[in-house]
Amino acid sequence: MTGSARHLYVHLPFCAQRCGYCDFVTIAGRRGQDTAYVDALLQELELQRALLHDQVETVFLGGGTPTFTMLPDLLRLLEALPAAAETTVEANPETVTRELARALRSAGVTRISLGAQTFRPRLLKVLERVAQPEDIRRAMHHLRDAGFDNVSLDLIYGIPGQSAADLEADLGDALALEPEHLSCYELEAKPGTRFTHAWGAELAEQADAMEDYFERVVARLTGCGYRWYETANFCRADENGRDLRARHNLAYWLGRDYLGVGIGAVSTIDDRRWRNTPRLARYLQSLAAGRLPERETEPLAPGVRAREKVMLGLRLDEPLALGGLRSAIDADGVARAERLGLAVDGGETLALTKRGRFLGGAVTAEIIA
Ligand SMILES: C[S@@+](CC[C@H](N)C(=O)[O-])C[C@H]1O[C@@H](n2cnc3c(N)ncnc32)[C@H](O)[C@@H]1O
Ligand code: SF4
């Protein structure tokens, strides 16, 4: 028997330290739990094996800082994971040594997502990052040397104190490294966090400039030949005809089934979504006893996945095929968006115009039934 999930997410939560703005499930510092954690991941995968398709298309190791995991444990994990056309590992620049880059390449990793965020030292400090700009450049160098020909850089804009000139300089520094892919996220500062408390005034002052920053990112990257294929994601056109979009993330945006393992990991399969406990001790305990970890399960009411497909599909540059999704769309809303030049209804397909893509969620909210 074969399951429906062709996409596997593996969460590796350990980080050297916690960056102030981060809201992911992470555990700071060396705790000596890497071996136990990888054992638990492999046990969870074993228990969930029936949910995975015989042919897994993508595997994504995200964090946390997957490359902060003790190398023997990380390699043991990679060896046990299903082979896939795309295997991505998220890496923090300061962790990428020549040895690590080579070891990941030999272990079959095809793609690296490197968290640069910014190249300005004072903004790296605001974000409480460990890496310095030279660490980012060195990491890229080691990855190229090891043979990686598909590297993505993550950038953040809207960092407290970041001017438009700082952003332009960051884009220039990122482009100089010639990444195949770039993700550019607007900084999300969760209310009530220490970070938001510390930087609230600067964040409020900058808020109005974010639309302009977003437009600058898109103009600069598309001007340099990158394809703006998803709201926050860009890829190079490859001279060998490779499609350099992030295949794993594309599966999420297309509303495909995926299995997530590890603490806090989310899975969506058929009409069910569940999230594993974010608590490490409980996760380890359950799996050591051969049981699945505690999790919160959300039955997905009919129509929920169709609406999500519309919401996420409209973030992409390719028109969304509407077969089976009509009930998720409000015809009056589409007509209004078309009149305002924000969407194009092709009958069988629906797409946002460039202006519509800049406004993003506000337009989608109009369109969804
Ligand atoms: C799961 S995170 C972890 C990646 C890696 N540990 C790192 O820090 O580079 C993946 C990406 O999400 C983005 N990100 C994390 N927190 C964010 C926030 N509060 N606002 C916007 N982007 C964020 C960053 O660009 C980051 O590289
Ligand atoms: S290294 Fe990445 S995952 Fe870890 S705390 Fe910093 S932003 Fe979050």
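The values are calculated or read from the model by the stated rules, or taken from the named source; none is laboratory data. All of these numbers come straight from a predicted model, not from anything done at the bench. All Cβ positions, glycine included, derive from the backbone under ideal geometry; neighbour counts span all protein chains shown. Accessible surface is based on the protein model in full, side chains and every heavy atom, while ligands, DNA and RNA are left aside. Shrake-Rupley method; radii C 1.70, N 1.55, O 1.52, S 1.80 Å.
A Förster distance of 45 Å, applied to the separation of the beta-carbon atoms of residue 163 and residue 55, puts the FRET efficiency at 0.40.
Using a 7 Å offset from Cα along Cα-Cβ at residue 71, what residues in region 148-189 end up with backbone N under 19 Å from the label point? Backbone N within reach: 148. A 1.4 Å probe run over the chain, with the rest of the protein chains in place, finds 45 Å² accessible per residue. Under a 5 Å amide H cut-off, with hydrogens placed 1.01 Å from N, residue 131 pairs with 94 among residues at least 5 apart or on other chains.
Apolar share of the accessible surface for region 103-218: 50 percent from carbon plus sulfur atoms, 1.4 Å probe. Sorting 259-266, 136-143, 311-318, 324-331 by their mean Cβ neighbour count within 10 Å, with the most densely packed peptide first, gives 259-266, 136-143, 311-318, 324-331. Among beta bridges from DSSP that stay inside the chain, the antiparallel ones total about 45%. Accessible area per residue was computed with a 1.4 Å probe on protein heavy atoms; residue 4 scores about 50 Å². The heavy atoms of residue 269 present about 10 square angstrom of accessible area, all protein chains included, probe 1.4 Å. Applying the Karplus relation 6.51 cos²θ - 1.76 cosθ + 1.60 with θ = phi - 60° to region 243-255 yields 3J(HN,Hα) values of 8, 9, 5, 6, 5, 5, 5, 4, 4, 5, 5, 8, x Hz, where x marks Gly and Pro. In terms of its C-alpha gyration tensor, region 38-147 comes out prolate, because a/c is 1.5 or above and the ratio a/b outweighs b/c. Remark: the chain carries a charge dipole of roughly 640 debye about the Cα centre, counting +1 on each Lys and Arg Cβ and -1 on each Asp and Glu Cβ. Under 5 Å between amide hydrogens, built in the peptide plane, is the criterion, and for residue 368 it picks out 330 among residues at least 5 positions away or on other chains.
For region 315-369, the share of accessible area belonging to carbon and sulfur comes to 54 percent (1.4 Å probe, ligands and nucleic acids excluded).
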